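Remarks on the structure that follows.
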Amino acid sequence: MTLRFTFDGRDYQGRNGDTLASALLRNGVHVVSSGIRTGRPRGILTAGVEEPNAIVQIEEPFPEPMLTATTVELFDGLVARGLRGQGRLADRPDPARYDAIHAHCDVLVVGAGPAGLAAAASAAATDARVILVDDQPQPGGSLLGAGELLDWVAETVAGLRAAPEVRVLTRTTAFGYYDDNHVIAVERRTQHLGAAAPAGAIRERIWRIRAKRVVLATGAHERSIAFADNDRPGVMLAGAARTYAVRYGVLPGRRAVVLTTNDSAYAAALDLHTAGVEIAAIADLRSSISASTSPDAAGSEWARRCTERGIEVLPGWAVSAVTGEHRVSAVALRALTDSSSTREIEADLLLVSGGWNPVGALFSQAGGRLTYDPALAAFRPDGGCRQAVSVAGALAGTYTTSGCLSAGVEAGGGAGLITLPVVEEPEAAPPIAVWTLPGAGADAFVDLQRDVSVADLDRATGTGMRSAEHVKRYTTAGTAHDQGKTAGTLTSGVVAELLGVEIGALGTTTFRPPYTPVSFAALAGRDRGMRFDPVRVTALHGRHVARGALFEDVGQWKRPWYYPLDGEDQHAAVLRECRAARENVAMMDASTLGKIDVRGADAGVFLDRLYTNMISTLKPGAIRYGVMCRPDGMVLDDGTVIRLAEDRFLVTTTTGNAALILDWMEEWLQTEWPSLRVRCTSVTEQWATVALVGPGSRDVLAGLAPALDVTRAGFPFMTWRDTTVAGLPARVCRISFSGELAYEINVSWWDAVTLWDELSARGVTPYGTETMHVLRAEKGYPIIGQDTDGTVTPHDLGLGWAVSKKKADFLGLRSFARTDNMRTDRKQLVGLLPVGGELLPEGSHLLDAPELPEPPIRALGHVTSSYHSAALGRTFALALIRNGRALHGQTLWATLDDRLVPVTVAGSVLYDPEGARRDG
Amino acid sequence: MAERSPLADVDLSDTGDRVTLAEVPFLTQLDVRTSPSSSFPEPGTFRTDELDGEATFIWLGPDEWLVVGPPGAQKRLTERLESGRLESVSDTSVVDVSAQRTTLELRGPGALELLALGCSLDLHPRVFGPGRCAQTTLAHTPVILLQRKHCVTTGEPVFWVLVRASFASHLASWLLDASGDLTAGH
């Protein structure tokens, strides 16, 4: 099938199964991008994720920056362009969906080449739960590029797919390896379909895989050599060229010169020759290679095979020059030992193999060590790892197919359970390590994506740098989005050469996740918008929405903020709600308050230790306000304590601290006071709570609870009654957080709507958190977490009356005697009345002068709460001010925008200081 | 005047053809905190008790169990617990938390995959078979998860997800959204 695509504004056609890179080569496009610093034209170096050069921006169907042309699967309608450096993000919302999934297995195999497939099949044969992930569209790994054992691959994959406990994930890159064998992978599900992707389908899925055992079969990446003009389009890694010819059916050139340090380039040369590429010469940097066709010349089987085909093998020869800026046109070769022996060869392709680097990124992330192996001329996994991980295949330095297969079977744990195909392979000759060719300088690149050359590395070592990490940061080698997959070892090799040290002693830089770039959209997955964090709602949420409430986030809760009527702004709505509560009757959904059932023979003792005030003397039927401090004497939380029975209390916490206080109780019970016989149970959502507030509340309650004696004497302040309200079993508490006559009616969460509707039917005005804040602030009731910040004691808040002087001990007691707690200039909670009627911003600083003094400025304190008051007919604020209670009646100045405005310091209780309204 | 369950207003039917989701409302739920004894299920398990017949005992922690029964059985079950197996235990509490959580029943060939989209536990039948329970998070929401049984006709697992009332609509919305992304097998 023909696929149409556009690259750099020109239309082309590719084939099904192409990558963008293979399709470009198919169309004779060899210049794909340009160097970020040098601007030099750049082509395609590799055929995989390690590509440093062919960086592209996808424009259609949806913009995606900085992808490698070698990994973009071609689809009809693709529009892309080459990039010099960074791309651009989409300027429109991404219509695609992303998600994440958890998976567990006995054996996770990463990589579906010969070793990985054999490992997966072997593990599956043991009845293990197996996950096999591979980043390619189809399994096979290096076998695809070599065209080997494809029948075995197909048969093995079919067997794996049919096995019930095996999951095969293609197009899936394992990019992060974390502790306890937690491996994170990204599956690309619909990108390759382009515009044909089903609407609403998940585009990318993050796999969070927990494996009992991991087999890494991540293979190896070929590396280049640093020589002058090694970045020219047409210079390609030999294995990549083989892959283009064998797997994609594309010839990357017509006439090639090969430069190699090892056997693998011979296999590539032979396959390319078979495919129709003329191989002009193979310059083998190993002078030991014999091209003799004599069968007794050791270690030169590959060279003999080439010679038989008429391919010239030049042992001990190197590349001395590359001609052609936009495409290689000729390659000059020179004998290493005899500089007068030279060749100038016309060629459009220079195939390079500087050796193979085991892909050790995940193994290194797992905590495994990579050590330089001179026999391999590469860093490879060495020894054990703190995690249950093993390595197999090319990652372990095994480069024969038969070796990879048997190592995979061994690693999979099913040795003896599966049969392997027999592979005949020539005896290998050892590779050598070559990092630079003579004359390598400013045009000899080690990192093509960052445009870092041998000259740059020379400059770094010339300044005195001796560590690979320092050189990396100084030159940026290995810091591009390919993370130095082709550059890392080469850089270390060149630096070691410059410093005159062993590369093994120098080492490599550190591998960190992600192995390949991962989109933020994929990482966000489904956790975006309203699903970013759970939203908690009360049983009355639907009623609040229906009344037009605006909502305030309090922790994860949505609480009604205020309920504007038609045409009302926030200011008008809140003033109206405040008036309803102070002058008539109003109600608020208080269900979000934390509720903890505390019971047991020692419950009173326990609460005495937690609260600053005495709880154990509370009579059943009564309620007490209480304050909790941390051991440092600072206020932790406040709320009410209801004594339900001799051994049973119900404690309320602030909305945001419900879970924290339960944990706090459990911590003390479990770790410090295990002898106390106390059990704590959260009942926050067992009960829905409606606060019924205002001088009219008694009549409304009386109408709904005919069995309840609602008289002052019959139902005094700070007591509770179990009764029936609106026909519902209810617990009514005479508590007030507004200073008005008020009741908190608790019913089952299931009954909340019925209660609310009954109250609404009686014309009770609903109010939200903003009005609640105003009402309580008028009374000087602090909100823990708003008027406090972890440095405030009960005494600072004017709650000294709630600190017991009788109890022998409680949390915080000792700290009240600390010098710092005894200071007379501690910040204290006071009221503020802006003289000019301004609404002070919360956080405004307070000064004792009308003009800003010269810095440093020592503020006296800051505003913690600030509102318009309907009852006071003015604005007011609460503030924490140094020695504030001694400043009553004095004038201070508050910062407001870029000016200072005068405020009068007042007591914190601004409304009904006598408390006359509490009993109606 | 009718009681309203937390998901009374949520249409749970639009889950595609691979899972079904239903609220099991108004179950009796009693939180029991007491010293561990052999009369309660082991960590990570639950069982429907023969003595109490109608009650399922769910392990929540080293000294905490949730006893679940049919709607309206709060008083009966509390009395049976307190007069029966908890009688001799002094530091014990039984608290009615029936309205605290609602229960979602999840079943179908896609149930495991749907849970895997939001829960990090291994719920494979080899690990989390019938009778297993856990306190965990699903879609970042704290839940109690039970593998009830295998469906008699299909052999597929049936899960109960007990979720706090305040989180119920968030979780239901997440489950409905995610159920549209289930693959047709792997």
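The values are calculated or read from the model by the stated rules, or taken from the named source; none is laboratory data. Bear in mind that the values here come from a model prediction, so they are computed numbers and not experimental data. Reconstructed Cβ throughout: ideal geometry from the backbone, glycine too, with neighbour counts over all protein chains shown.
A few points about this structure:
- Residue match in region A:454-462 (condition: of a type outside the set (A, V, I, L, M, F, W, C), part of a helix (DSSP H, G or I) and touching a strand residue (DSSP E or B) at 6+ places or on another chain (Cβ under 7 Å)): no
- The number of residues in region A:480-499 being modelled with pLDDT under 95 and surrounded by fewer than 19 Cβ atoms within 10 Å (Cβ to Cβ) comes to 1.
- Scanning region A:1-47 for residues that are surrounded by fewer than 24 Cβ atoms within 10 Å (Cβ to Cβ) and assigned to a strand (DSSP E or B) yields a count of 12.
- Residues of region A:407-432 that are small (Gly, Ala, Ser), surrounded by 20 or more Cβ atoms within 10 Å (Cβ to Cβ) and either farther than 23 Å from A:CYS105 by Cβ or in contact with an Asp or Glu (Cβ under 8 Å, 6 or more places away or on another chain) (or both): A:ALA429 alone.
- Residues that are surrounded by fewer than 17 Cβ atoms within 10 Å (Cβ to Cβ) and among the hydrophobic types (A, V, I, L, M, F, W, C), drawn from region A:817-832: A:ALA817, A:MET822
- Scanning region A:658-699 for residues that are among the aromatic types (Phe, Trp, Tyr) and either free of Cβ contacts under 8 Å to residues at least 12 places away in the same chain or within 9 Å of chain B (Cβ to nearest Cβ) (or both) yields a single hit, A:TRP687.
- Every residue from region B:52-65 that is closer than 17 Å to B:THR92 by Cβ and without any contact (Cβ under 8 Å) to a residue 60 or more places away in the chain: B:ASP52, B:ALA55, B:PHE57, B:PRO62, B:ASP63, B:GLU64, B:TRP65
- Count of region A:451-475 residues which are within 24 Å of A:VAL32 (Cα to Cα) and at pLDDT below 95: 0
- Among the residues of region A:66-105, those that are among the β-branched types (Val, Ile, Thr), away from chain B (no Cβ under 14 Å) and in a strand (DSSP E or B) comprise A:THR68, A:VAL79.
- Pairs, first closer than 16 Å to A:THR681 by Cβ in region B:66-80, second in a helix (DSSP H, G or I), C-beta under 7 Å, six or more apart: B:VAL67/B:LEU77; B:VAL67/B:LEU81
- Only a single item in (1) at pLDDT 95 or above; (2) within 13 Å of another protein chain (Cβ to nearest Cβ) is not met by B:ILE58, and it is number (2).
- When A:SER844, A:SER908, A:SER869 are checked against the criterion of being under 22 Å from A:VAL693 (Cα atoms), out of contact with any Asp or Glu (no Cβ under 7 Å at 6 or more places or on another chain), in contact (Cβ under 8 Å) with a residue 24 or more places away in the chain and buried (at least 18 other Cβ atoms within 10 Å of the Cβ), A:SER908 stands alone in meeting it.
- Only one entry of A:THR617, A:THR592 meets the criterion of being of a type in the set (S, T, N, Q), assigned to a loop (DSSP other than H, G, I, E, B) and within 14 Å of chain B (Cβ to nearest Cβ), and that entry is A:THR592.
- Residue check: A:GLU778 meets all listed conditions (1) closer than 29 Å to B:ALA99 by Cα; (2) surrounded by 23 or more Cβ atoms within 10 Å (Cβ to Cβ) but one, namely (1).
- Residue within region A:737-751 that is within 13 Å of chain B (Cβ to nearest Cβ), hydrophobic (A, V, I, L, M, F, W, C), part of a helix (DSSP H, G or I) and over 28 Å from A:ALA870 (Cβ atoms) present: yes
- Residue within region A:542-558 that is within 11 Å of another protein chain (Cβ to nearest Cβ), of a type in the set (Lys, Arg), out of contact with any Lys or Arg (no Cβ under 9 Å at 6 or more places or on another chain) and closer than 30 Å to A:MET665 by Cα present: no
- Residues of region B:1-21 satisfying the condition of being hydrophobic (A, V, I, L, M, F, W, C) and within 30 Å of A:ALA726 (Cα to Cα): B:MET1, B:ALA2, B:LEU7, B:ALA8, B:VAL10
- Restricting region B:19-40 to residues that are in contact with a helix residue (DSSP H, G or I) (Cβ under 7 Å, 6 or more places away or on another chain) and away from chain A (no Cβ under 14 Å), the residue that is nearest to B:GLU156 (Cα to Cα): B:VAL19
- All positions within region A:647-669 that are modelled with pLDDT of 95 or more and out of contact with any Ser or Thr (no Cβ under 9 Å at 6 or more places or on another chain): A:PHE649, A:ASP663, A:TRP664, A:MET665, A:GLU666, A:GLU667, A:TRP668, A:LEU669
Each row is one residue, and each column tells you yes or no for (1) away from chain B (no Cβ under 12 Å); (2) more than 21 Å from A:GLY360 (Cα to Cα); (3) at pLDDT below 95.
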position	(1), (2), (3)
A:ASP134	yes, no, no
A:PRO139	yes, no, no
A:LEU150	yes, yes, no
A:ALA163	no, yes, no
A:THR170	no, no, no
A:ALA174	yes, no, no
A:VAL183	yes, no, no
A:PRO198	no, yes, yes
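- Counting only strands (runs of 3 or more DSSP E) that sit completely within region B:84-183, those holding 3 or more residues that are facing another protein chain (nearest Cβ under 10 Å) and crowded, with 16+ Cβ neighbours inside 10 Å correspond to B:93-96.
- Residue within region B:3-12 that is of a type in the set (S, T, N, Q), within 14 Å of chain A (Cβ to nearest Cβ) and more than 18 Å from the chain's Cα centre (by Cα) present: no
- Matching entry among A:THR864, A:THR904, A:THR895, A:THR891 (being over 24 Å from A:ALA573 (Cα atoms), within 44 Å of the chain's Cα centre (by Cα) and hydroxyl-bearing (Ser, Thr, Tyr)): A:THR895
- Verdict on B:ASP63 being surrounded by fewer than 22 Cβ atoms within 10 Å (Cβ to Cβ) and either within 14 Å of chain A (Cβ to nearest Cβ) or among the basic types (Lys, Arg) (or both): yes
- Condition met for A:GLU204 (at pLDDT 95 or above, among the acidic types (Asp, Glu), within 20 Å of A:LEU395 (Cβ to Cβ) and within 46 Å of the chain's Cα centre (by Cα)): no
- Residue check, A:PHE520 within 11 Å of chain B (Cβ to nearest Cβ), under 29 Å from A:ALA174 (Cβ atoms) and surrounded by fewer than 19 Cβ atoms within 10 Å (Cβ to Cβ): no
- The residues listed here are A:ARG576, A:ARG536; of these, the one that is crowded, with 16+ Cβ neighbours inside 10 Å, within 14 Å of chain B (Cβ to nearest Cβ) and on the phi < 0 side of the Ramachandran plot is A:ARG536.
- Restricting region A:73-91 to residues that are touching a Leu at 6+ places or on another chain (Cβ under 9 Å) and of a type in the set (Asp, Glu) leaves a set whose member that is nearest to A:ASN53 (Cα to Cα) is A:GLU73.
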